[in-house]
1. Starting from the range A:504-558, pick out the trypsin sites (Lys or Arg not before Pro) whose DSSP state is loop and whose Cβ has at most 10 other Cβ atoms within 10 Å.
2. Residues with amide H under 5 Å of A:Gln307's amide H, sequence separation 5 or more or different chain, H placed in the peptide plane at 1.01 Å from N; which?
3. Got a sec? Which residues in the range B:110-140 would a label at A:Glu418 touch, if it sits 7 Å along Cα→Cβ and we count backbone N under 12 Å?
4. Within 10 Å of each Cβ of B:31-43, how many other protein chain Cβ atoms are there on average?
5. Take the alpha carbon gyration tensor of the range A:11-149, find the square roots of its eigenvalues, order them as a ≥ b ≥ c, and report rounded if a/c is under 1.5; if not, report prolate when a/b exceeds b/c, else oblate.
6. Take peptides A:553-563, B:41-51 and line them up by average Cβ neighbours within 10 Å, highest first, as a rough protection proxy.
7. Using Cα pairs closer than 8 Å and at least 6 residues apart in sequence, work out the relative contact order for the range B:43-131, in percent.
8. Which residues among the range A:590-613 fall inside the zone where the amide N is under 20 Å from a point 7 Å beyond the Cα of A:Leu502, along Cα→Cβ?
Amino acid sequence: MMLLLTLGIFSQTRDVQAQPSTNIYGAPIKRVLMLFSEGRESSGGLMLEQSIQAEMQKRSTNPIEFYVERMDVGRFSDPMHSRLFQDYLGKKYAGRHLDLIIAVPSRDYSLAGEVPDALFPNVPVVFVTVNELEVPTVLNKLGVTGIIQRFDLRGTMALILKLQPDTRRIVVVGGTSSSDRATLNRIEEVSKTVEGVEFGFWTNEPIAALPAAAKNLPEGTVILLSTVQRDVTGQQYMMPQMAQMLMPTANSPIYVLGSSALGSGVVGGAVIDPSDLGVRTAQLAGHILTGVSPRSVPIEIDTSGTQMVDWHALQRWHINESRVPPECFVRFQPVSLWEEHRHLILFTAAVFVLQAATIAGLLTQRRQRRRAEMMLLSQRTELAHVSRVSTMGQLASSLAHELNQPLGAILRNAEAGELFLQKENPDLDEIRAILADIRKDDERAGNVINRMRSLLKRRSLESDPLDLHGLIEETVTLARSDAASRRIHLSMRLASDLPLVLGDRVHLQQVLLNLMLNGMDAMGACRTADRVLSVQAQKLDGHVQVAVKDRGTGIPADKVERVFEPFFSTKNEGMGMGLAISRTIIEAHGGTIRAENNPDKGASFIFTLKPAP
Amino acid sequence: MNPTNPASPAPVTPPPTIYILDDDASFLKSATRLLRASGYQVEAFESAQVFLDKLTPGMSGCVVTDLEMPGLNGLQLQAALARSANPMPVIFLSAQGDIPKTVHAMRGGAEDFLTKLGPKEELLDAVKRALSRDVRERKQRGRMQELHDLFAQLSERELEVLGHVVQGKLNKQIADELGINERTVKLHRTNITRTLQVQSVAELTRLTEELGLFKKNRPSE
């Protein structure tokens, strides 16, 4: 079973290698080219782009690479520019395999139709656009699919009249491009169904003159911002931009058709939300990416918007909140709890502050004395624990091995005992021997667990007289099975006259274990003869010196001084904390630790400890 | 297994035995106990080297070994055993599952790869399979040895003639190719069939195929 599984993995790996562009998990990368008519100053376009990309990444099991190109027609309207842009696209993507094109046209549909058809005839096209232009038949002929979002003009008119029933005049601000005109025509159409309201159109004057004109609009007027891709001076204006221009001077509330202008002071509207549109586009695009032909998916035309208003604007124009329809989103509304319970909250906060100040005052003196000391100690304990746990992770498999040995023996003995008992004349002596062995192995397993537990327990530094012989032997035993599996020979050379040292048994064991594991790591690529790790201890100049010597790759000469710095590691998988923590522990014991390269091969880590008085 | 009858004369070859190896004395003892209680002949070893030193072609049965041992480990023992004249089936027992090593062991022809904490039925089933595999393979090896001995009686020339015969060539063709008399070819053929105790060309072909003879020559024809 295990074998089959592994072979399965191998064969899968081979398939993956046959595919040129895949991610590490083997799913082929999909490349999507996004073409925008407008430049980056269109905030709706940016929101749409982000929303489409985020949703597609979320939905797809394949990694997706997005390429984004903007034609920027608002600022470069010369037909020459369009040709250059197409040339550029054609040359840039000539050698690149594309899986999908997402077009976001704004003034006509050529970016979804003729342009990709000429440049990338075999790549499926999905488009999304917000406008009122007729759908040209060429899109159907080319088999392009997409979403055409119409402005929700009826919804916006209804919202205006709901919020401000005494509205008598609506000034529509619009532009002169064909798309602008299509929108204005629709507004005009809808205006005929609105009774008792007069419509005025600000289309024949420059937008720049609008703020001055908006100062003195008659009472009962509201301003509705339509699209201005081009005003009479040829200038393009985005909705948020117009809102910001008008807000300081306008004496009438402003309504909009797209959500991107919300937050700049306008009241709101039945707006088109680019994020929501992006999600729907991504769903369609994901569908086409799975291989569905765009030809088979009809173009979707959506005329519904989302009613949204800005809470601040409602306050500014004294529009009663009770007028807001229940399905309408009120945005930027502050938490009302504060309003309702302001006094209670202030009072409570004041009590807390006073109380805290009193307590702080009382404690400051005592605290200041002990703080520095305590902080150091707790950091040290914390770090040692973290490092010990990670060392335990490395050792866990060895310890599992150590634990499974006695457990296995207990199991086999118990099974043998059962078999003996099934015999006609059970050999009681044999069964007694079995039970004694079971007890022995049980103790052995218990010892392994105790050793693990004492290593894992979070403790502060203790100071006891310690026998280094015992401590080192125990640590070496702990590392032995790990060493055996790496085929490393552990050798010990301990002087017989070692005095007791003062220190924390577990923390010192931790340092030693860490140095030993480092040493073993350093010998990963060594010849068998060189796989020797030796631990030596001797008395030197009134101190006890412990050295862990490996015969591995050694430390680059320029880095010997730096190995004890936190987050400094020469190992790929190392976090660089082990030696930093080791130094902290040794220094807390009043000792020193240093690293040096051996004259012949490998490195030595040497620390000293004070003998017990 | 049948316990050996003390009254019968000592057998020349030891009875089928489970050779169990583990450096953990306590596990070794318990597993030996279990296998003996299940009716098997068991011999325990604390290291692979000691076992290999004692290994003779006459020993039959199977090997149950720990994976991690100081000195020669389980995989090295498996390799050494496979190279020896007595490639007994090997069952691995490990204190922890290690996939790369499992794969390695199974590719090396291991009978099974068990964890030490598995139920005894797993071990006993594996042992049963390994013992019958040993009997089967031993018989097969015996048969190959027999064939080998038979074919060793043929002279170089007879082997050469045999090579042509199993390709279905006529005596005349063989005579032409070897530059010898057709009657000499006939004589060789008679000798061959007598030595190998066979009646037909078909049987000859089957034997040579079983032994894997002349395989290399064929594609060049």
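No lab work stands behind these numbers, since they all come straight from the coordinates. Just so it is clear, the structure is predicted and the values come from calculations on it, not from any experiment. Neighbour counts run over all protein chains shown; Cβ positions are idealised from the backbone, glycine included.
1. Listed in order of number, the matching sites are A:Arg527.
2. Correct list: A:Val271, A:Phe329.
3. B:119-122
4. Whole-number average of other-chain Cβ neighbours for B:31-43 is 4.
5. Cα axes put the range A:11-149 in the prolate bin.
6. Numbers: A:553-563: 14.0, B:41-51: 18.0.
Per-residue mean Cβ counts within 10 Å order the peptides as B:41-51, A:553-563.
7. 27 percent
8. It comes to A:590-593, A:607-613, nothing else.
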